[in-house]
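A.B. asks: Just dropping this structure here.
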Amino acid sequence: MRTSLTLAIILAATATSPIFADTVAAQQVLTFSPTDGSAGEWSYNGAGILSFDQSITIDSGLGSNYDALVGAHVYLPAFQISGIPGAPYTLTPLGNSQITIKSADNSVTYMTGTLAMGDLGTLGTVAGGYTEFKADISNVFITHEGSALGSAALALLEKLGMPALDFDLSFSGGSGVGYRSFADMLDRGGLGSGGFSGAMSVPEPATFVLLGFSGLAILRKRRK
């Protein structure tokens, strides 16, 4: 299981921030990453656009590598990256902001949702996207084929009637010619690429601490 880098990024950004005593609940429903054996990665064009080669598959459902959804394809939109150097950047989906999960042969759609804008925090050569715990994906819809798939992850979403999901991305490999960090790549307009992973989550009984980070932001969810 790949471990998200988002937690380390938030901890570094909030090292001197006040801690507030409160709790929230969360459960990771599915994780995804580039297909094993593929050249799947993110790419940055040096002019504000970050995209994916779309060779992305589900790694786990409800923490299991045997969920019926494992191996399905995830389609992510490209992002416009904007922001002021030294501050969290903003990720804005370009064109169609829909996230889609399809069968391995791309013939059947299992789930769709609409991805909102999110933040992008950097730490050295890594970065974390959508680090705030909130409803990043709205209009979540599970198709008839998704319901019939036998996926425990999709069955949970249907049972809870969740219309929205939390979303997060982790990026690695942000170094290259003329720059040495992810932020430097963005600020200098460098070309870059590297590996990534992500997750979608819904509530479950679990405890997390609220941190002060440009207002209240939530410490990223437990990784299984």
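The values are calculated or read from the model by the stated rules, or taken from the named source; none is laboratory data. Note that the structure is a prediction, hence the values are computed from the model and not measured. Cβ atoms come from the backbone with ideal geometry, glycine included; neighbour counts cover every protein chain shown.
A.B. asks: Of the residues that sit in region 46-92 and are part of a loop (DSSP other than H, G, I, E, B) and of a type in the set (S, T, N, Q), which one is nearest to Arg188 (Cα to Cα)?
C.D. replies: It comes out as Gln54.
A.B. asks: Do we have any residue at all in region 67-75 that's touching a residue at least 12 places away in the same chain (Cβ under 8 Å) and under 15 Å from Asp168 (Cα atoms)?
C.D. replies: Looking through region 67-75, at least one residue is touching a residue at least 12 places away in the same chain (Cβ under 8 Å) and under 15 Å from Asp168 (Cα atoms).
A.B. asks: Filter region 63-79 for residues that are surrounded by 16 or more Cβ atoms within 10 Å (Cβ to Cβ) and of a type outside the set (Asp, Glu) and give the result.
C.D. replies: Of everything in region 63-79, those that are surrounded by 16 or more Cβ atoms within 10 Å (Cβ to Cβ) and of a type outside the set (Asp, Glu) turn out to be Gly63, Ala68, Leu69, Val70, Ala72, His73, Val74, Tyr75, Leu76, Pro77, Ala78, Phe79.
A.B. asks: Mind listing whichever residues of region 137-166 are without any contact (Cβ under 8 Å) to a residue 60 or more places away in the chain, outside any helix (DSSP H, G or I) and touching a strand residue (DSSP E or B) at 6+ places or on another chain (Cβ under 7 Å)?
C.D. replies: Ser138, Asn139, Val140, Phe141, Ile142, Thr143, Met162, Pro163, Ala164
A.B. asks: Go through region 119-138 residue by residue and tally those that are closer than 13 Å to Phe167 by Cβ and either surrounded by fewer than 22 Cβ atoms within 10 Å (Cβ to Cβ) or more than 11 Å from the chain's Cα centre (by Cα) (or both).
C.D. replies: Number of matching residues: 6.
A.B. asks: Oh, and also: On the given criteria, is Ser138 farther than 24 Å from Trp42 by Cβ, at pLDDT below 95 and of a type in the set (Ser, Thr, Tyr)?
C.D. replies: Considered against the rule, which asks whether it is farther than 24 Å from Trp42 by Cβ, at pLDDT below 95 and of a type in the set (Ser, Thr, Tyr), Ser138 comes out as no.
A.B. asks: Go through (1) modelled with pLDDT of 95 or more; (2) under 17 Å from the mean Cα position of the chain (by Cα); (3) crowded, with 20+ Cβ neighbours inside 10 Å for Ile56 and report which single condition fails.
C.D. replies: (1)
A.B. asks: I need a count of the residues in region 102-134 that are more than 23 Å from Ser172 (Cβ to Cβ) and assigned to a strand (DSSP E or B).
C.D. replies: Going through region 102-134 one residue at a time, the tally reaches 7.
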